[in-house]
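Participant: Quick one: the structure is below, questions incoming.
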Amino acid sequence: MAGIVSYGSYIPYRRLKRAAIAEVLGGVPGKGEKAVASFDEDSVSMAVEALRDALKGAPNATINSLFFATSTPPYAEKLNAAIVGAAALLPAEIRASDMTGSIRAGLSALLQATDAAKATGGYAAVAIGDSRLGAPEGRIEQTSGDGAVAFVLGVNNVLAEVEASASATREYLDTWRSQGERFPHSWEERFALTQAYAPLFTKVIRDALEKAQAKPADITKIILDAPNPRAVDEIVRALKLEPSKVADTFALTVGETGAAHASLMLTSVLSASKPGDRILVATVADGADAIVLRVTPAVAAFRPLHSVGRMVESKGDVSYGSFLKWREILPTEPPRRPDPERPAGPPMLRSEKWKFGLVGSRCTACGTPQLPPQRVCVKCRERDKMEPYPFADRTGRITTFALDRLAYSLNPPTINVVIDFDGGGRFLCEMTDCDPEKAAIGGEVEMTFRRLFTADGVHNYFWKARPKR
Amino acid sequence: MASRGIKDRVAIIGMGCTRFGEHWDKGADDLLIDAAYDAYESARIDPNDIDAYWLGTTGSGVSGLTLSEPLKIPYKPVTRVENMCATGSEALRQACYAVASGAYDVAMAIGVEKLKDSGFSGLVSAKPPNDGTPASMTPPALFSLLAPAYFKKYGLDPEKGKDVLTRIAWKNHHNGARNPKAQFQKEVPMEVIRNSPKIADPLGIMDCSGVSDGSAAAIVVRAEDASKYCKNPIYIKALSFVAGPAEGPLRQEYDFTTFPEVVATATDAYKQAGITNPREQVSLAEVHDCFTPTELVLCEDLGFSKRGTAWQDVLEGFFDLEGRLPVNPDGGLKSFGHPIGASGLRMMYEMWLQLRGEAGPRQINNPKVGLTHNLGGQPGRCVSFVSVVGSQVG
């Protein structure tokens, strides 16, 4: 039976305390904090983080299709999944598509990928990232958080089988954002709650349980994701679900991570599950999807590289002022430096494996790893004796560093580090997710895929270092 | 295969230099005209007697027309050269080889940069279209990489390290205060330097060279012809230039406390000039103090101080105007300013003045051998130039 073979999840390092919003804008201080994508992150870059972990959990899986889901695609026209695939070093010979338009896109992608795996007998990958932007003072600003999750689906070595699913789609006006708009709008809450969420949630959950020949009591853990937490309460009551079985929504620590959220909760539940557990996961928005999964013995041997729990604990605060600046809600005076220039198409294609995959080279004559990839060896000077050598998963240490207060950045000062990789290779690059006073010689770093800047509508993705998480 | 040099085969018979600084009322054309005519007058030579020109500029124009057009130079060879911040020195090197080869009798090297028209802070350089991956660090950040590495290697705590850097900037301002052509002609108290706003920690704005407009020029002939033009020319003892293989950002062996390119050019130049102990034999040096840590490291790379000891020499005043080996007696890039294409020739202009006893209040007592050092790029990935010049043949 088709199901989840591997998974990875990603929660960005930065946290915005909800009380920090009220300190600036007034109003009742919200409780807890939310995870926010840094100034150099977006749905694509975060999805890459999660997918890299998921692929490492299934090292022998040859992926034949990739589904990228988000409600906040960086490109409106241009395949975002292609960037995700390039950064994760997926082969060129794959199907790839973006699924967007609703936070429901996440579970939709999971179902599509399951069907693809079932139909082909091969492996499909899902990468879901979201970074929704609510207008200041609004409800979405309070409730939303940023994050990503990814799965590999297949028919072999499955750790959670998709037993059954049910879907429903209806046209109703609840949350919307038109082309060119930055912030979503919402209809008055009672309408969607009574007319859409409650009936649709009830319907798909009942249908899925019926198809799986399961009663609510048979389910070990229930994951319910809805734009309005009250919809969750209502469904728990209506279906007489046991509240202790309802999974934590990370409302106080991460926030509602849009298209990624149901799946992010699922990875958290999976990491604590035992063989034989049955999990119900459902999301409601523009309709609803529900999936029943059965955990297999393979789950016991699977350890996520970065568990949700660990990522929740690995964090640093951002002020509300910086957050508004990062999201370009608060315009600031540009530095007296030239604007960054957009990267050029032909050189990006020539260096695709380097730019997106951080693949350097290793000299087969003398064994020296080097990056960017070279033709003439920097050590032994042999020409064209190189083999590809990936650096993305390698850790290193800081040899020296610089804090650049003059360079263009949404988050000055820019921290630059010279990294010496374990196993060889040196690289000079930016360091992110780090406070300047913490940069130090000897610090341990790992690599992360980021959006450096956007120029002329071109998002310039490349790799940075970050302190090991 | 060898770098044989052209010791004592070429002489400088005249030089010109504009004041460096914010020339709001002058464009690159004006600066070139001023420096060139200053040099013609210095050599008491008619412009028509120059056979060929080498023009150095990194961004104030392209091609020889940048010079021939404003000066109305009639149908002569004018070559524009560029080698980052060593551009001015490169122009001089080409002009020297041209007369040494016998191809021309009289050549001018001239450098110019008009930086203050850009509207930006610091230097700005255009890159060819690229894949968006090269690190986009500013020059102060690139050179600041030296500071933590040097401090750590030689056990200087950051406060002590900052003292050393501050002392370098303080010295160069002290010297510039005695130079009527410098951009900044004021001494600056150590506390002001130390507490200046941070640009690339630990560097403050006062650790950075002056962004400046300016031009400088030299006229060269074969040494045997020099007496026809000039009673007291200065003689080229050595010219060395290298472009490094840019290993620093790629190889873990490089530790950011040295410029291997500078070591290579210094070794070559000392061999050409017959210098065996630069700390004792060099009377004065103009070095590329683009940022204070650069000067610190250079003094070791040029053999003025043993490895790991330049910081002590700095604190003890060894490189002061009144010290045993004055470094940047004209104020250096720090205080004289750094109009890129002109800087290498400005360094030589100080040799011209000092070796001829014309340096006024900053005149060094009876100098015999001077050194200029000019580099472009970043630690571990740069071009470097070293010249040795003297007041006498032999």
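The values are calculated or read from the model by the stated rules, or taken from the named source; none is laboratory data. It should be emphasised that the depicted structure is a prediction, and the values quoted were computed from it without experimental measurement. Neighbour counts are summed over all protein chains in view; Cβ atoms, including those assigned to glycine, are modelled from backbone coordinates with ideal geometry.
Participant: Of the numbered conditions (1) more than 22 Å from B:A264 (Cα to Cα); (2) part of a helix (DSSP H, G or I), B:P293 satisfies every one except a single condition; which is it?
Facilitator: (1)
Participant: Return the residue satisfying two criteria in turn: it lies in region A:427-439 and is part of a strand (DSSP E or B) and out of contact with any Phe, Trp or Tyr (no Cβ under 8 Å at 6 or more places or on another chain), and of such residues it is farthest from the other protein chains (Cβ to nearest Cβ).
Facilitator: For region A:427-439, the residue satisfying everything is A:E430.
Participant: Right, next: Filter region B:309-361 down to residues that are surrounded by fewer than 24 Cβ atoms within 10 Å (Cβ to Cβ) and on the phi > 0 side of the Ramachandran plot, then give me how many there are.
Facilitator: Of the residues in region B:309-361, 3 are surrounded by fewer than 24 Cβ atoms within 10 Å (Cβ to Cβ) and on the phi > 0 side of the Ramachandran plot.
Participant: In region B:337-358, what count of residues is obtained for those that are part of a loop (DSSP other than H, G, I, E, B), out of contact with any Ser or Thr (no Cβ under 6 Å at 6 or more places or on another chain) and either touching a residue at least 60 places away in the same chain (Cβ under 8 Å) or under 20 Å from B:W170 (Cα atoms) (or both)?
Facilitator: Residues in region B:337-358 being part of a loop (DSSP other than H, G, I, E, B), out of contact with any Ser or Thr (no Cβ under 6 Å at 6 or more places or on another chain) and either touching a residue at least 60 places away in the same chain (Cβ under 8 Å) or under 20 Å from B:W170 (Cα atoms) (or both): 1 in total.
Participant: Out of the helices (runs of 4 or more DSSP H) lying entirely within region B:91-207, which hold 1 or more residues that are away from chain A (no Cβ under 14 Å) and touching a residue at least 40 places away in the same chain (Cβ under 8 Å)?
Facilitator: Passing ranges, in order: B:158-176.
Participant: I would also like to ask the following. If you check B:S335 against the conditions, is it in contact with a His (Cβ under 7 Å, 6 or more places away or on another chain) and in the same structural domain as B:F151 (by TED's automatic domain parsing)?
Facilitator: It is true that B:S335 is in contact with a His (Cβ under 7 Å, 6 or more places away or on another chain) and in the same structural domain as B:F151 (by TED's automatic domain parsing).
Participant: Condition check: of a type in the set (S, T, Y) and more than 27 Å from B:G119 (Cβ to Cβ). Does B:S212 satisfy that?
Facilitator: no
Participant: Turning to a different aspect of this structure: Taking the options A:A47, A:A22, A:A86, A:A76, name whichever one is in contact with a Gly (Cβ under 6 Å, 6 or more places away or on another chain) and at negative phi.
Facilitator: Exactly one residue qualifies, and that residue is A:A47.
Participant: Failed condition for B:M190, given (1) of a type in the set (A, V, I, L, M); (2) in contact with a Leu (Cβ under 8 Å, 6 or more places away or on another chain); (3) assigned by TED's automatic domain parsing to the domain that holds B:G370, with all others met?
Facilitator: Every condition holds for B:M190 apart from (2).
Participant: Would you say A:L266 is among the aliphatic types (A, V, I, L, M), out of contact with any helix residue (DSSP H, G or I) (no Cβ under 7 Å at 6 or more places or on another chain), within 14 Å of another protein chain (Cβ to nearest Cβ) and farther than 30 Å from A:P413 by Cβ?
Facilitator: So A:L266 does not fit the description; no.
Participant: Moving to a separate point now. Among A:G134, A:G106, A:G122, which is the only one that is touching a Ser or Thr at 6+ places or on another chain (Cβ under 9 Å) and farther than 22 Å from A:L55 by Cα?
Facilitator: Every option except A:G134 fails the conditions.
Participant: If you take the residues of region A:440-455 that are more than 19 Å from the chain's Cα centre (by Cα) and within 12 Å of chain B (Cβ to nearest Cβ), which of them is surrounded by the fewest Cβ atoms within 10 Å (Cβ to Cβ)?
Facilitator: A:G442
Participant: Return yes when A:G138 is over 14 Å from the mean Cα position of the chain (by Cα) and modelled with pLDDT under 95 and no when it is not.
Facilitator: Against the criterion (over 14 Å from the mean Cα position of the chain (by Cα) and modelled with pLDDT under 95), A:G138 qualifies.
Participant: Right, something else. Quick check on my filter: what residues within region B:56-67 are touching a residue at least 60 places away in the same chain (Cβ under 8 Å) and either more than 19 Å from the chain's Cα centre (by Cα) or not in a loop (DSSP other than H, G, I, E, B) (or both)?
Facilitator: B:G56
Participant: If you go through region B:16-49, how many residues are without any contact (Cβ under 8 Å) to a residue 60 or more places away in the chain and not in a loop (DSSP other than H, G, I, E, B)?
Facilitator: 8
Participant: Of all residues being under 25 Å from A:S319 (Cα atoms) and touching a Leu at 6+ places or on another chain (Cβ under 6 Å) in region A:377-414, which is nearest to the other protein chains (Cβ to nearest Cβ)? Just the residue, please.
Facilitator: Per the stated criteria, the residue is A:A402.
Participant: Could you tell me whether region B:239-257 includes any residue that is part of a loop (DSSP other than H, G, I, E, B) and in contact with a Leu (Cβ under 6 Å, 6 or more places away or on another chain)?
Facilitator: yes
Participant: Further question on the same structure: State all residues of region B:103-114 that are within 20 Å of B:G377 (Cα to Cα) and in contact with a strand residue (DSSP E or B) (Cβ under 6 Å, 6 or more places away or on another chain); if no residue qualifies, say none.
Facilitator: Within region B:103-114, B:G111, B:V112, B:K114 meet the criteria.
Participant: Here is a follow-up. Just checking, which of B:P74, B:P70 is free of Cβ contacts under 8 Å to residues at least 40 places away in the same chain and not acidic (D, E)?
Facilitator: When all the criteria are applied, what remains is B:P74.
Participant: Against the definition (in contact (Cβ under 8 Å) with a residue 12 or more places away in the chain and within 14 Å of another protein chain (Cβ to nearest Cβ)), how does B:T258 come out, yes or no?
Facilitator: Taking the combined requirement at face value, the residue satisfies it.
Participant: Something else: Out of region B:1-36, which residues are in contact with a strand residue (DSSP E or B) (Cβ under 8 Å, 6 or more places away or on another chain) and of a type in the set (D, E)?
Facilitator: The answer is B:D8, B:E22, B:D34.
Participant: Moving on. Can you pull out the residues in region A:339-349 that are at the interface with chain B (Cβ under 7 Å from one of its Cβ atoms) and free of Cβ contacts under 8 Å to residues at least 60 places away in the same chain?
Facilitator: A:A344, A:P347, A:M348
Participant: Among the residues of region B:261-283, which ones are among the acidic types (D, E) and either within 14 Å of another protein chain (Cβ to nearest Cβ) or buried (at least 17 other Cβ atoms within 10 Å of the Cβ) (or both)?
Facilitator: Listed by number, the residues that qualify are B:E261, B:D268.
Participant: Are there any pairs with C-beta distances below 9 angstrom linking a residue in region A:288-305 that is assigned by TED's automatic domain parsing to the domain that holds A:Q112 to a residue that is of a type in the set (D, E) and part of a loop (DSSP other than H, G, I, E, B), with the two at least 6 apart or on different chains, and if so which?
Facilitator: Matching pairs, first to second residue: A:L293/A:D277; A:R294/A:D277; A:V295/A:D277; A:V299/A:D277.
Participant: Looking at region B:196-250, which of the residues that are of a type in the set (K, R) and farther than 26 Å from B:G337 by Cβ is farthest from the chain's Cα centre (by Cα)?
Facilitator: Among them, the one singled out is B:K228.
Participant: If you don't mind, there's one more thing I want to ask. Residue under question is A:R337, and the condition is that it be of a type in the set (D, E, K, R), touching an Asp or Glu at 6+ places or on another chain (Cβ under 6 Å), over 26 Å from A:P467 (Cβ atoms) and assigned to a loop (DSSP other than H, G, I, E, B); does it hold?
Facilitator: no
Participant: Would you be able to tell me the number of residues in region B:302-336 that are in contact with a helix residue (DSSP H, G or I) (Cβ under 8 Å, 6 or more places away or on another chain) and part of a helix (DSSP H, G or I)?
Facilitator: Residues in region B:302-336 being in contact with a helix residue (DSSP H, G or I) (Cβ under 8 Å, 6 or more places away or on another chain) and part of a helix (DSSP H, G or I): 10 in total.
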